[in-house]
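Read the structure below first, then the notes.
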Protein chains: 6
Amino acid sequence: MKTILCFGDSLTWGYDPAGPGRHPFDDRWPSVLQAELGGGARVIAEGLNGRTTVFDDFASGADRNGARVLPTLLTSHAPLDLVVIMLGTNDMKPFICGRAFGAKQGMQRLIDIVRGHDYPMGEPAPKVLIMSPPAACETPEPDFAALFESARIESAKLAGLYAALADETGAGFFDAGSVAQTSPLDGVHLDAENTGSIGRGLAPVVRDMLGL
Amino acid sequence: MKTILCFGDSLTWGYDPAGPGRHPFDDRWPSVLQAELGGGARVIAEGLNGRTTVFDDFASGADRNGARVLPTLLTSHAPLDLVVIMLGTNDMKPFICGRAFGAKQGMQRLIDIVRGHDYPMGEPAPKVLIMSPPAACETPEPDFAALFESARIESAKLAGLYAALADETGAGFFDAGSVAQTSPLDGVHLDAENTGSIGRGLAPVVRDMLGL
Amino acid sequence: MKTILCFGDSLTWGYDPAGPGRHPFDDRWPSVLQAELGGGARVIAEGLNGRTTVFDDFASGADRNGARVLPTLLTSHAPLDLVVIMLGTNDMKPFICGRAFGAKQGMQRLIDIVRGHDYPMGEPAPKVLIMSPPAACETPEPDFAALFESARIESAKLAGLYAALADETGAGFFDAGSVAQTSPLDGVHLDAENTGSIGRGLAPVVRDMLGL
Amino acid sequence: MKTILCFGDSLTWGYDPAGPGRHPFDDRWPSVLQAELGGGARVIAEGLNGRTTVFDDFASGADRNGARVLPTLLTSHAPLDLVVIMLGTNDMKPFICGRAFGAKQGMQRLIDIVRGHDYPMGEPAPKVLIMSPPAACETPEPDFAALFESARIESAKLAGLYAALADETGAGFFDAGSVAQTSPLDGVHLDAENTGSIGRGLAPVVRDMLGL
Amino acid sequence: MKTILCFGDSLTWGYDPAGPGRHPFDDRWPSVLQAELGGGARVIAEGLNGRTTVFDDFASGADRNGARVLPTLLTSHAPLDLVVIMLGTNDMKPFICGRAFGAKQGMQRLIDIVRGHDYPMGEPAPKVLIMSPPAACETPEPDFAALFESARIESAKLAGLYAALADETGAGFFDAGSVAQTSPLDGVHLDAENTGSIGRGLAPVVRDMLGL
Amino acid sequence: MKTILCFGDSLTWGYDPAGPGRHPFDDRWPSVLQAELGGGARVIAEGLNGRTTVFDDFASGADRNGARVLPTLLTSHAPLDLVVIMLGTNDMKPFICGRAFGAKQGMQRLIDIVRGHDYPMGEPAPKVLIMSPPAACETPEPDFAALFESARIESAKLAGLYAALADETGAGFFDAGSVAQTSPLDGVHLDAENTGSIGRGLAPVVRDMLGL
C-alpha cells in the first residue's frame, strides 16, 4: 500500500464555484485519484483555499504560505511514497506575486523542502510530482476578476515553466490544464466534472511513478 | 456524513514503541474510531510526533507548536463537525513546559482557536472534545527516561485538569487513560492494543456529541 | 461610559504634512471624536505611521502589519464597546499591495480578528466600524509621489469596496472622504482642519451604534 | 505637556482579584499617576494580562512577549518623554522563565529597545524608568498557586536585581513593593487601594525625572 | 587594525555569471578591498545570493531579508569599525518590491539597525557606508530576463536615491556603478574584473572614513 | 583549499572573562585552527554570544536560536567542506533549556539542517563535526553563577551525549573539554591559553576528516 500526499490550494480542497461551497468528497480530484488507483494507494488531500507556493498572505487566519506548513505535513503523514503539489494560481494575485516566474521559484523551493526534510524514522524522501493548474479564464464575477486580473496571461505560462523545472530537478510532472478547464463562473475554480478529470488524467502518471 | 479532525501528537500518529515505527493504519485510534462509527463519519488523523499544545520546540524541522498549525488544518479540512484534541504529553518535557498546569493553559488556547476561527464558508465552529493522554510510566529506555523525567508525576494530573477545563468551557471530554496504558518500552507510547482501545472507548462519546 | 479603540495609521496618529510632525493632541480626529461624544465614551487612539491592514512592511522597526498587533491591543484595552478601523492608504504603496481590492481583503481579516478574539474576561466581541480614508491627491513632493504613485486611482476605490464589505459583514461604515480631503503638501495626509472633520463627521455614526 | 507610556502586565491593566474583572479606570495606577501629576503629563496605559519581558507565551491570542510589541507602541505613541516599565511577575511562571535573573535580562533588553529605536520624527529616545512589581504572596486559589508556585521566592528578588540594573544602565527605578502588597485572593494581583498606592508613590520619582 | 563587515547579496558573494559558480576568493571585491587596505583592516564578507534590503523572499531555505539577519551579524563580528552595505538589486524583482524607492526605504532601515543595535560590550555603533550596485543591463538569458524585467529602469535610479539617503543620514556613500558594469551574460552579475574594480574603487573612500 | 565554518557561541566568538572583552583575533580557537592547518583551509568564525542550539532567547537584539540563522550562513559561505558546531553551554541556562538532553536534541536538529539544506549551486552537503564545550566550573561571579546554576552538572554530560549522537549520525566529534578548561572568573568562558588549546586539539581531527 502506497501513501500519497496531495498538497494544494482551493482546487485541491474542492471549491465549487457554483456554490460557493465544497464539492462532495467523492468528486474531488484526490478522491478520484484514489479510486482510480484501485486500492493500491491511500491518498491524503491537503488543499487550503488561497495557499501559495512560498508567499505570505495574511488575509486569512490560516497560514497560506506553503513553505511554512509543508514540513509539518511531511512529518505527520510520513512515511510517504509520493507528494503531488498543485499550486501557483494564488501566486498570480497581483499583490501576492503576480508572475508565473515567481511561482516557478516557489515550486523549486517546495521540491527542495520535500527532499531535504528530516523524516521521523530517517526514511528517504518521497518522490515529488508537480502539477500546473488549469489556466484562469475570463469571468464576469467582479471580485475574482479584480483578484486575478493578470492571472489569465500569467497562469497560462505555468505549464511550460513547471515542465522545465521538473526536467531540471528530476521531479514528475503533469499539466492539469491538459485535461481540465476552469469555470467561467469565477475564472479560476473547477466544476465537479473538471476536478474529477484531473484525478483520472493523473492516475496513469502516478501508477508509473510508483510502479503500481 | 460527519467529518472529525483528530489533532494530536505521536499517540495519534501511531508511534510504535516496539519498532520504532508507525502502527499499521487500521490499528491507530483514529482509524478504529472511524470503524466504530460504522460509516457515519469520516475521521481525519493529524498526529505529529512531538507536537505540543502551544509551546515551541525547534528540535525538529516540523513546527511542533499546535497553536501555529491548527488554524491551517481547520480551514483545509472544513467543514468540520468535531475536533478531537489529544495533546499534553510533550508539554511535560522539562525544557518545553514540564507542568500539567501549562498544558491546561495550552489546551484552553486551542479551544479558543477552534471557536474563534474564520471558517472558509462562514460556517459555525465545530464542536471540540479534549482528551487527556494516558499517564507516562517508568521505562528503562534511557533517552525517553531523560526526556520525560518529570512526566510521570505531571502527566497523571492531566485528566483532572482537562476534565475541569471541559466543564468550564463546555467542551467534550474523554480520559484516554481510562481505557489505555502507556508501554514500559519507552514510558509514553502505546502498543497496538492500547491505541485501538482509545478508538473503541471514544466512540460512544463521539456518537453522543454528534447525534450518531 | 463606553470605550472605543481607534486603530489606524498616520492619519490616526495625526501626521501633519506641513511639519513634518504630529498634530496637537486636541486636533487629532480621535480626540475630536471624544469631545463630540460629550463624556459618553473614552476614546483610545492607536495610530501607527505606515500601518497596513495585513501586509508586512519591514522598512520600520515597528511592526506595520495590522493583523499581527491588533489581537494584543484588543486585550490590553478590553473591555471594548467599539473598534473603529481606518486603514488602507499604506496598502496602496506599489510594493506593499498596490490594489484597493487587497485592502478590502485585509480589512475583512481585521473584522474576523475582532470577532474571533479570546477576550480576557470572556466578554463578547465589540462592534466594528470600518472607515475608508480620504483618497490620495496629486502632490509635488517627490518622495510621496513615488511612494503613492498608484494610490490616487486605487485609493478612490476604497470607499465603495469598504461600504460593500460592511454590508456583507454587518459592520458599521463611514467614508472619511465624505468630510475630509488629503493635503496636496504630500498627497495623503491631513491638515488639522481635515483631521478634525473626521471626528465631527464620525460622531453621529458612533452615537447611533453605541446608543449614546 | 509631557507624555508617559506605562508598559506592563495585568498589574498595569488593573486586574481585580476580587472580580475577576478590571478595576475602574480612575483606580488603576497609571490613572492615579496622571491625576497626581496635576495636568503636567498625559499618561498612556498599555497593560496586557500575562505580558512577560521577553518570553513567548502562546497561551493567549495576544502576543505576550514584551520585546515584540514594544517597538510598535514606541512609534504609535511618539513623541514620548518617559517610558515606565513594570514587568517580571509573569516571567516567574515556571514554564515561562521561573527565575528572577531571567527577568533582569529581559528588562535589560527592553531598555535597549527603548534606546535604540528609530523614532518616527528622528527625535531622541525617551527616558526609561523600570519598576519592580510587589512580590507574590501565598494564596489558597489553586490555579494561581500552581501557576506561580516558585514566584514567591523569585519575585522577591526582583527589586534588588532591577535596582542594580537601573544603576548599570542609568535608568530610573522604583520598587512598587515599597508601597503596595499583592492580594492573598490570588497571590499576585492588587486590590484597588494597592494599585492606587503605586501611582501615588511613583509620582514624585516621575516629577523628578521630568522636571515637573 | 580595523574591522569591516561587507553586507550584501550575490555581488558580494562573488557569483560568476559565466559559471555559474563563485569567483575565487581573491577576485571578490571584499578580498580586493582588504588587499588594497594593505594590512590596515580585516574585511569580513557576508554576501547571500538573493538577499534583499528588508523584503521577505522564501524562494530559498536561507533567510533573504537583510533586516532579519543583520543584527546577528553585527553582534557576532563585533567590535566593528565600518559596515559596508551593497543591496538593492534583488529588491528590483517585480514580486519582491520592484521599485528603487522601496530599496531606499529598506536601506534606511538597515542604517537604523546598525545605529540602534545593542552591541555586546556596549561599544558605540560602527560607521556605515551604503553602496549602490551597478545597474542591470539587457541579457538574452531568459530566466534572469524574466526575473529582472523592470530592474534595468529601476536599478539605474538607485545611485541617486542612495546618495541622497547618505546625505540625509550622514552615512558614507559609494556608487559601484561608477567603476563596474554588470555582465550581459545574465544582466545583473559581475565578471571577475568588474567585481575587483569595486574593491579598488571603494578603498580610498574606506581609508578616508577610517583614517587609514 | 578547503573552507570550514565554525558555528558557535561566545566560546567561538572569543569572549575573554578577564575583560570582559574579546580575545585578540589570533588567540581565538578558529584562528588557531587555521594556523595549525598550515594554509590548507580557510576558517570562517561565526560565534555569537548567547547562541543556543535551537532555543529562542530574546534577551538580546541578535537572534540567538542557532537553527534560525544557520541556513543563511550555510548559503553565504558556500561552498563549504566542513561545518564545526560547538554549542550547548547556553542551552544550560535554566530558563532556556537547562538539560543536557535538550542540547543533544538541538544538536541533532543542526546536523539535519546542514544535511538537508539547499546549497546554492546544488553542491553536496559539507561534513559536520560536533564539539562538546568544556564543562562549566564554579565561580564567585554572581551573575554568571545565577545564570548557569545548573550548568555544572548538566554541561558535564554533553561530551557523552554528543559522542553518542556523532556515532548515531555519522558526524565527526571532538570533546573540547579534553584539552581545555573553563575559567573560574565566570565559570563558563575560556582564557586565551584554553581557547587556543581547542584549535590545536581539533586540528588533527579536522585534517583527518578533510584528508589534509
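Can you give the mean number of other chain Cβ atoms that lie within 10 Å of the Cβ atoms in peptide C:111-123?
Shielding by partners across C:111-123 averages 5.
Could you give me the ³J(HN,Hα) list for region F:178-188, computed from phi with Karplus coefficients 6.51, -1.76, 1.60 and θ = phi - 60°, whole Hz, x at Gly and Pro?
Whole-Hz 3J(HN,Hα) from phi for region F:178-188: 6, 10, 9, 10, 6, 8, x, 4, 9, x, 10.
Can you list, shortest first in nanometers, how far B:Pro184 lies from the same residue in the other copies, with each label 7 Å from Cα toward Cβ?
Those separations, rounded to one decimal, come out as 4.7, 4.7, 7.3, 8.0, 8.9 nm.
Nm distances between the label at C:Met121 and the same-position labels in the remaining copies, 7 Å along Cα→Cβ, shortest first?
When each copy's label point is compared with this one, the spacings are 3.7, 3.9, 5.4, 5.4, 6.6 nm.
Which distances, shortest first and in nm, link A:Gly40 to the matching position in the other copies, using label points set 7 Å out along Cα to C-beta?
Inter-copy label distances (nm, one decimal, shortest first): 3.7, 5.2, 7.2, 7.2, 8.4.
With a ≥ b ≥ c taken as the square roots of the eigenvalues of the C-alpha gyration tensor of region A:129-212, please select rounded if a/c is under 1.5 and otherwise prolate if a/b is larger than b/c or oblate if it is not?
Cα axes put region A:129-212 in the oblate bin.
Give me the mean projected area, in nm² to one decimal, of the convex hull enclosing the Cα positions of the protein assembly as shown.
The directionally averaged projection comes out at 43.6 nm².
What residue among E:Leu87, E:Leu74, E:Leu158 shows peak mean-square fluctuation when chain E is described by a Gaussian network model with Cα springs under 10 Å?
Per the Cα network of chain E with a 10 Å cutoff, E:Leu74 tops the list.
List the residues whose amide H sits under 5 Å from the amide H of B:Asp16, counting only those 5 or more places along or on another chain, with H placed 1.01 Å from N in the peptide plane.
HN-HN under 5 Å from B:Asp16: B:Gly21, B:Arg22, B:His23.
Counting only other chains, what is the mean number of Cβ atoms within 10 angstrom of the Cβ of each residue in peptide B:98-104?
The per-residue average across the peptide is 5.
Collect residues whose amide H, placed 1.01 Å from N in the peptide plane, falls under 5 Å from the amide H of D:Lys127; neighbours closer than 5 in sequence don't count.
Here D:Leu82, D:Val83 satisfy the definition.
Taking 4 °C and 1.567 mPa s as the conditions, I'd like the Stokes-Einstein D for region B:4-99 in µm²/s, using the Kirkwood hydrodynamic radius from alpha carbon pairs.
Value of D from the Cα-based Kirkwood radius: 92 µm²/s.
Which residue in F is nearest the F/C rotation axis when you measure from the C-beta atom, and what is the distance in Å?
F:Gly61, 5
Rank-order E:199-210, E:44-55 by packing density, defined as the average count of other C-beta atoms within 10 Å over each peptide's residues, highest first.
E:44-55, E:199-210
Which of the listed residues, D:Ser76, D:His117, D:Phe101, is farthest toward the dipole's positive end in region D:76-134, when Lys, Arg count +1 and Asp, Glu count -1 at the beta-carbon?
After comparing all options, I get D:Phe101.
For region D:88-147 and region A:62-138, what is the separation of their Cα centres, given in Å?
First find each Cα centre; the distance between them is then 41 Å.
Over the residues of region A:2-210, compute the C-alpha Rg and express it relative to 2.2 N^0.38 Å.
Region A:2-210 yields a ratio of 0.94.
Roughly how many debye, to the nearest 20, is the charge dipole of region F:3-63 about its Cα centre, given +1 on each Lys and Arg Cβ, -1 on each Asp and Glu Cβ, and no other charges?
Magnitude of the dipole: close to 160 debye.
Taking the Cα centre of region A:73-212 as origin, work out the dipole magnitude from +1 charges on Lys and Arg Cβ and -1 charges on Asp and Glu Cβ, in debye rounded to 20.
280 debye
Among C:88-100, C:123-135, how do they line up from the highest to the lowest mean number of other beta-carbon atoms within 10 Å?
Sorting C:88-100, C:123-135 by mean packing, highest first, produces C:88-100, C:123-135.
Counting partner chain Cβ atoms within 10 Å of every residue's Cβ in D:66-78, what's the average?
Partner Cβ neighbours, averaged per residue: 6.
Taking Cα pairs under 8 Å and at least six residues apart, what relative contact order does region B:2-210 come out at, in percent?
After rounding, I find 25 percent.
For chain B, build the charge dipole from Cβ charges (+1 Lys, Arg; -1 Asp, Glu) around the Cα centre, then report which of B:Phe174, B:Trp29, B:Met209 sits farthest towards its positive end.
Towards the positive end, the residue furthest out is B:Met209.
How far is helix E:192-210 tilted, in degrees, relative to the longest principal axis of the Cα atoms in chain E, given as a value from 0 to 90 rounded to the nearest 10?
30 degrees
Run the helix sum for chain C: -39,500 (n - 2.57) per DSSP H stretch of 4+ residues, divided by residue count, reported at 222 nm to the nearest 500 deg cm²/dmol.
-11500 deg cm²/dmol
Among the listed pairs D:Lys127/F:Lys93; B:Lys104/B:Lys127; A:Lys2/B:Lys104; B:Lys93/F:Lys127, which have their C-alpha atoms separated by more than 29 angstrom in this model?
D:Lys127/F:Lys93; A:Lys2/B:Lys104; B:Lys93/F:Lys127
Treating only the Cβ of Lys, Arg, Asp and Glu as charged (+1, +1, -1, -1), what charge dipole size does the protein assembly as shown show about its Cα centre? Round to the nearest 20 debye.
That gives the protein assembly as shown a dipole magnitude of about 0 debye.
Values quoted throughout were computed directly from the atomic coordinates according to the rules given, and no laboratory measurement underlies them. Computed from a predicted model, the values in this text were never measured in an experiment. Here Cβ is always computed from backbone atoms with ideal geometry, including for glycine, and neighbour counts include all displayed protein chains.
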